[in-house]
Amino acid sequence: MALARMAGLMAGSPIAAAVAQIDPKPLSEHRRVLSLAEMQTAFDFEPVFFGNVLLPVYDYTAHGDGSEFTLRRNRQAFDWVDIVPVRAAIPPSQVDLSSELLGVKMKFPIIVAPTAAMVPLHPEGETGMFKASAAASNTLMMLSVNTSTPHAQVIAGAPGGTLWAQFYPLENLTNTQRSMDTFQNAGCNGIIVTIDQQSSFYERTQQDRNFGGRVAPGRATGTTAAALTGAARYRINGGRVWYTWQYIDAVRKMVKGPLVLKGILDPEDARLAIEHGADAIIVSNHGGRSMDYGPSSLEVLPEIAAAVNGRIPILFDSGIRRGTDIFKALALGANGVCLGRTTRWGLGAFGIAGAQRLIEMLQQELVQVAAACGCAKLPDINKTTVKTNLV
Amino acid sequence: MMPEDKAALAEKPPAGTASRRQAIAGVGTTVAAGMVGAAMPASAQSPAPLRMPAPAPLLVPRADLVNVLEYEAQARLVLGPAKVAPILGSDRTVTDRITLRPRMNIPTRDLDLTCTLFGDQHFTPIIVGPMADQKRFHSEGEVAMARGASAAKAAMVVSSEASMPLAAIAQAATTPLWLQVYANSPKVKDVLAAAGAAKAVIVTVNATAGGPTIPASARIDWSAVDTVVKGTSLPVIVKGITSPQDAKEAVARGVKGVVVSNYRGGNAAALTGTLLLIAPVVQTVGDQIPVLVDGSFRRGTDILKALAFGAKGVLIGRPVMWGLAAYGADGVQGVVEMLQTELARYMAMCGRPSLAAVNSSLVRVHAPLPAASNNRG
C-alpha cells in the first residue's frame with residue numbers, strides 16, 4: 001500500500017524522470033497509436049486511418065488527378081482568405097448555425113460528401129457512416145453510387161436520418177430511370193448528379209501501387225489507332241465524355257425531390273445548372289480528383305456565388321479540414337459544405353465513433369470561429385467577415 | 001560494358017526486376033556500382049578478380065510509366081550523370097501560375113486534335129523538336145527518333161547538326177520532316193540543297209551551333225534569315241522569337257511561321273517560361289502566320305495552355321530525348337503519345353472538342369504563389 005503510494009508519487013517526480021533518462025528506450029520502440037480521445041484536429045485522424053486500411057485504399061482516398069497541382073491548391077487557397085472579426089465575440093452557446101436546405105433541417109451547414117466504397121475503410125461501411133452522421137446532430141449524408149452497401153440497407157441503419165443518393169450519368173435513359181427508382185424507392189429523396197471527372201487519371205496512385213493490369217491513358221492498347229475515331233484516337237476512355245445538358249433535363253423529369261449538380265467550377269455552368277432545373281449546385285473539383293491544373297474550389301466560389309445570386313443554394317467541397325475552412329467557404333457564398341476525405345479518415349480510423357467525432361469536431365470548430373467573430377446566425381457569416389487575397 | 005552493348009540494352013527492356021519505386025527514383029544498386037556512370041567497365045575500377053559482371057540497368061517497364069517526367073529518371077539510368085546532363089531539367093515556374101477552366105456537359109466524344117501546318121495535316125499540334133547529335137543519347141540517334149515520332153503520328157524537326165544523314169532519317173519517317181538550321185551557319189547552303197524530303201525549314205536565330213551563347217540583347221541577324229528565305233522554296237520558320245516586334249519583322253521578311261522560344265544554346269540557367277510570351281506575338285502576327293512555341297513542355301496541360309494563348313503547335317525537346325535514351329523509338333512514341341493523350345484529356349475536361357474551340361477563355365494567369373504557410377495538409 002505504502003509502496004503503491006510511493007510509486008504514484010515517483011511517477012510525477014523529477015527523480016523518476018532522471019531515472020528514465022539513465023536508461024532511455026530507443027525512440028523506434030516507442031510506437032503507440034493515438035486513441036479517439038486524443039484527436040485534436042481532423043488532421044490527426046489521417047495517420048490512424050493510414051495505419052488501419054490497406055495501402056490501395058489509402059491511396060484511393062489520398063490522391064488526385066495528374067500532378068495533384070489542384071489537390072494541393074485546394075489547401076493553399078484557404079490560406080489566401082483571412083477571417084476578419086467585424087463584431088465583438090460572443091459565447092459559443094449563443095451561436096445557432098441551423099438552416100433548412102431544400103426541405104432538410106440542418107443544425108449545422110455541414111454534409112457528408114458522397115465517397116465510394118466505405119466497407120474497405122471499416123466493416124461498418126456506409127451504414128456506419130450514416131449512423132455516425134445521424135448521431136452527429138442528424139447530419140445529411142450523400143451516398144455514393146459506388147457504395148459497397150445497398151441503399152436500402154444503409155438507410156435502415158439510422159431511422160430518422162436523411163440520406164441522398166449521388167450517381168454518375170448513365171447514357172442509357174432506361175438504366176438511368178432504373179437507378180433513380182432504386183434510389184428513390186430506398187428512401188433517398190435528393191439526387192446528386194456528378195458531372196465532373198470526365199477523364200481523370202490518378203497517376204500517383206498508379207506510381208505507388210502500380211495496379212496490375214490496369215490500362216492507363218496513354219498506353220498502347222494493341223488497337224491500331226487508324227481504326228479508331230473521335231476521342232478514342234487519343235486513347236481516351238469515352239465513358240464520361242458524352243455528358244450533355246439535355247441529359248440533365250431528362251434526369252430532372254425522373255427526380256421527384258431535390259436535384260443537385262456536383263462539380264460546378266464556372267459561373268456560366270452555374271447559370272446553366274439553374275436553367276436546367278438544378279435545385280442546388282456543389283462547387284467542387286472532386287477534392288482535386290477531377291482535373292489537374294484546374295482552380296481550387298474556393299477561388300472560384302465568389303464569382304459563382306455572384307452568378308447564382310441567391311437563386312439556389314450553393315454547396316461547397318474540396319480541401320476542408322478545419323472549422324475555419326468552413327467559415328471561409330460560408331463567408332464566400334456557400335450555404336453549406338460537404339466533407340469527403342475527412343469523413344473517410346474518421347470512419348477508417350475509429351469506425352462509427354470516429355466518423356461521428358470528426359463531424360462533431362468540425363461542427364464545434366465552426367461554432368468556435370463563428371463565436372469569435374460574433375456571428376450568432378448563419379447569415380452573419382458573409383463576405384464582410386473575410387478578406388480575400390486570391391492569387 | 002561497351003557502349004554498343006548499352007545501346008542494345010536500351011532497345012529491349014531488361015528482364016531484371018528492381019523495386020519499381022527504387023528504379024524510378026534512380027537509386028538502383030547498379031547505379032551505385034558505377035556501371036552506369038562510367039564508360040569504363042566496372043571491373044576495371046575494382047581489383048576483385050571474381051566479380052560478377054555488372055547487371056544491366058534496371059529500367060522500369062515502359063508501360064508502367066505514368067507521366068513524361070518519369071522518363072527523365074530512366075534516361076539518367078541509361079546514360080549516367082555526365083551524358084544525361086544536357087537534357088536534364090524542367091522549368092515549372094510559369095506553368096504553375098496558370099490554371100485551366102473546366103467546363104461541364106459539353107460532349108467531346110468526337111474530340112479532334114488534327115490541325116494543318118504548312119500544308120500538311122497533323123494528328124495533333126505536338127511536334128518533335130530539333131535536337132543536335134542524337135547519337136549522343138542513343139546508338140540509332142535520329143533514325144530511332146523518326147521511327148518513334150512516326151509511330152506516334154507526329155512530325156519531326158531534324159537538326160542541321162544531326163548525327164545521321166537526312167536520307168536515312170527520311171526513310172524511317174512516315175510523318176512530315178522539317179529541317180532546322182542555325183542562322184549564319186556555314187551549313188545553310190548544304191542543308192537547303194539536301195532539303196528535298198523536308199516540308200519546311202526552321203532557322204534558329206538565337207543560338208549558335210555549339211558556340212557561345214548570343215546575348216539576349218543581340219539583334220537578330222535578319223540578313224541571315226533572308227539568305228535562308230531566298231535559298232529555298234520551302235516555307236521558312238524563324239525559331240527564337242520572343243517579342244511581337246521580331247515577329248512582325250519576320251513576316252515582313254517573307255517568313256511563313258515563327259517559333260516563340262528562348263532557347264539559349266543549351267544553357268539551362270537561361271530558361272524561363274515561354275508561355276506568357278505567346279499571346280503578344282499571336283496578337284501581332286497570328287492572323288498572318290502560325291505561331292509555334294517550345295520550352296519546357298512536360299504535360300498535356302502545359303501544351304493546352306500554349307494553345308489557349310494562341311499557339312498553333314508545340315515543339316517537344318528533352319522529354320522525347322529521355323524517351324529515346326531509355327527505350328529507343330518505343331520511348332519516343334511513348335512520350336509523344338502520353339502528351340497527346342494528356343492534351344486530349346484536358347481538352348475534354350475543359351469542354352473543347354476541337355482546337356478551334358481552344359482560346360484564351362480557357363486559361364487564367366495568377367501571381368506567383370505566396371511562400372508556403374505552416375498550415376498542415
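Checking B:G273 against (1) surrounded by 24 or more Cβ atoms within 10 Å (Cβ to Cβ); (2) modelled with pLDDT under 95; (3) not basic (K, R): exactly one of these is not met. Which one?
Evaluating B:G273 over (1) surrounded by 24 or more Cβ atoms within 10 Å (Cβ to Cβ); (2) modelled with pLDDT under 95; (3) not basic (K, R) leaves (1) as the failure.
Would you tally the residues in segment A:356-366 being surrounded by 24 or more Cβ atoms within 10 Å (Cβ to Cβ) and polar (S, T, N, Q)?
The qualifying residues number 1.
Assess whether A:A88 counts as being touching a residue at least 60 places away in the same chain (Cβ under 8 Å), aliphatic (A, V, I, L, M), surrounded by fewer than 20 Cβ atoms within 10 Å (Cβ to Cβ) and closer than 30 Å to A:V391 by Cα.
The answer is yes for A:A88.
I need every pair where a residue in segment A:194-205 that is facing chain B (nearest Cβ under 8 Å) has its Cβ under 6 Å from the Cβ of a residue that is small (G, A, S) and open to solvent by 20 Å² or more (accessible area, probe 1.4 Å), sequence separation at least 6 or different chains.
none
Looking at segment A:131-153 only, could you name the residues that are under 16 Å from A:T342 (Cβ atoms) and assigned to a helix (DSSP H, G or I)?
Passing the criteria: A:A132, A:S133.
Being of a type in the set (S, T, Y) and touching a residue at least 60 places away in the same chain (Cβ under 8 Å) is the filter here, so list the residues in segment B:119-168 that pass it.
B:T124, B:S139
Checking the condition more than 10 Å from every other protein chain (Cβ to nearest Cβ), surrounded by 24 or more Cβ atoms within 10 Å (Cβ to Cβ), over 15 Å from the mean Cα position of the chain (by Cα) and touching a residue at least 60 places away in the same chain (Cβ under 8 Å), which residue from B:A311, B:A325, B:A344 passes? Don't jump to the end; show me each part of the working.
Details: B:A325 fails: over 15 Å from the mean Cα position of the chain (by Cα); B:A344 fails: more than 10 Å from every other protein chain (Cβ to nearest Cβ).
Step by step, each of B:A311, B:A325, B:A344 is checked, and only B:A311 is more than 10 Å from every other protein chain (Cβ to nearest Cβ), surrounded by 24 or more Cβ atoms within 10 Å (Cβ to Cβ), over 15 Å from the mean Cα position of the chain (by Cα) and touching a residue at least 60 places away in the same chain (Cβ under 8 Å).
Quick one: count up the residues across segment A:367-391 that are assigned to a helix (DSSP H, G or I) and open to solvent by less than 10 Å² (accessible area, probe 1.4 Å).
Here is the first cut: in segment A:367-391, the ones assigned to a helix (DSSP H, G or I) are A:367-372, A:378-380, A:383-385.
Now restrict to residues that are open to solvent by less than 10 Å² (accessible area, probe 1.4 Å): A:370-371, A:385.
Selection size over segment A:367-391: 3.
Sort out which residues of segment B:115-128 are more than 19 Å from A:S199 (Cβ to Cβ) and open to solvent by 10 Å² or more (accessible area, probe 1.4 Å), and write them in order of number.
Result: B:C115, B:T116, B:F118, B:G119, B:D120, B:Q121.
Determine whether A:L143 is within 25 Å of A:N335 (Cα to Cα), aliphatic (A, V, I, L, M), touching a helix residue (DSSP H, G or I) at 6+ places or on another chain (Cβ under 7 Å) and touching a residue at least 40 places away in the same chain (Cβ under 8 Å).
Taking the combined requirement at face value, the residue satisfies it.
Please determine whether any residue of segment B:90-109 is farther than 30 Å from A:Q198 by Cα and open to solvent by 10 Å² or more (accessible area, probe 1.4 Å).
Initial filter on segment B:90-109 (farther than 30 Å from A:Q198 by Cα): none.
No, every residue in segment B:90-109 fails to be farther than 30 Å from A:Q198 by Cα and open to solvent by 10 Å² or more (accessible area, probe 1.4 Å).
Please go through segment B:165-187 and pick out each residue that is within 18 Å of B:K135 (Cβ to Cβ) and open to solvent by 40 Å² or more (accessible area, probe 1.4 Å).
B:P165, B:A167, B:Q171, B:K187 - these are the residues of segment B:165-187 that are within 18 Å of B:K135 (Cβ to Cβ) and open to solvent by 40 Å² or more (accessible area, probe 1.4 Å).
Collect the residues in segment A:103-132 that are among the small types (G, A, S) and more than 21 Å from A:L366 (Cβ to Cβ), keeping them in residue-number order.
A:G103, A:A116, A:A117, A:G125, A:G128
Are there any pairs, at least 6 apart or on different chains, whose C-beta atoms fall under 8 Å, with the first in segment B:85-112 and more than 8 Å from chain A (Cβ to nearest Cβ) and the second outside any loop (DSSP other than H, G, I, E, B) and aromatic (F, W, Y), and if so, which?
Between residues of segment B:85-112 that are more than 8 Å from chain A (Cβ to nearest Cβ) and residues that are outside any loop (DSSP other than H, G, I, E, B) and aromatic (F, W, Y), the close pairs are B:I87/B:W322.
Keeping to segment A:55-113, report how many residues are under 29 Å from A:Q356 (Cβ atoms), part of a loop (DSSP other than H, G, I, E, B) and of a type in the set (F, W, Y).
1
Could you tell me whether segment A:148-156 includes any residue that is polar (S, T, N, Q), open to solvent by 10 Å² or more (accessible area, probe 1.4 Å) and touching a residue at least 40 places away in the same chain (Cβ under 8 Å)?
No; the residues of segment A:148-156 include none that is polar (S, T, N, Q), open to solvent by 10 Å² or more (accessible area, probe 1.4 Å) and touching a residue at least 40 places away in the same chain (Cβ under 8 Å).
With segment A:237-355 as the region, which helices (runs of 4 or more DSSP H) entirely inside it contain at least 1 residues that are of a type in the set (S, T, Y) and open to solvent by 10 Å² or more (accessible area, probe 1.4 Å)?
Fully inside segment A:237-355 and qualifying: A:245-254, A:323-331.
Being at pLDDT 90 or above and within 22 Å of B:I127 (Cα to Cα) is true for just one of B:R264, B:R253, B:R298. Which residue is that?
Values: B:R264 fails: at pLDDT 90 or above; B:R253 fails: within 22 Å of B:I127 (Cα to Cα).
Just a single option satisfies the conditions, and that option is B:R298.
The values are calculated or read from the model by the stated rules, or taken from the named source; none is laboratory data. What you see is a predicted model; the values in this text were computed from it and never measured. No Cβ is skipped: glycine too gets one built from the backbone with ideal geometry, and neighbour counts run over all protein chains shown. The area values use the complete protein model at the heavy-atom level, side chains included, leaving out ligands, DNA and RNA. Shrake-Rupley method; radii C 1.70, N 1.55, O 1.52, S 1.80 Å.
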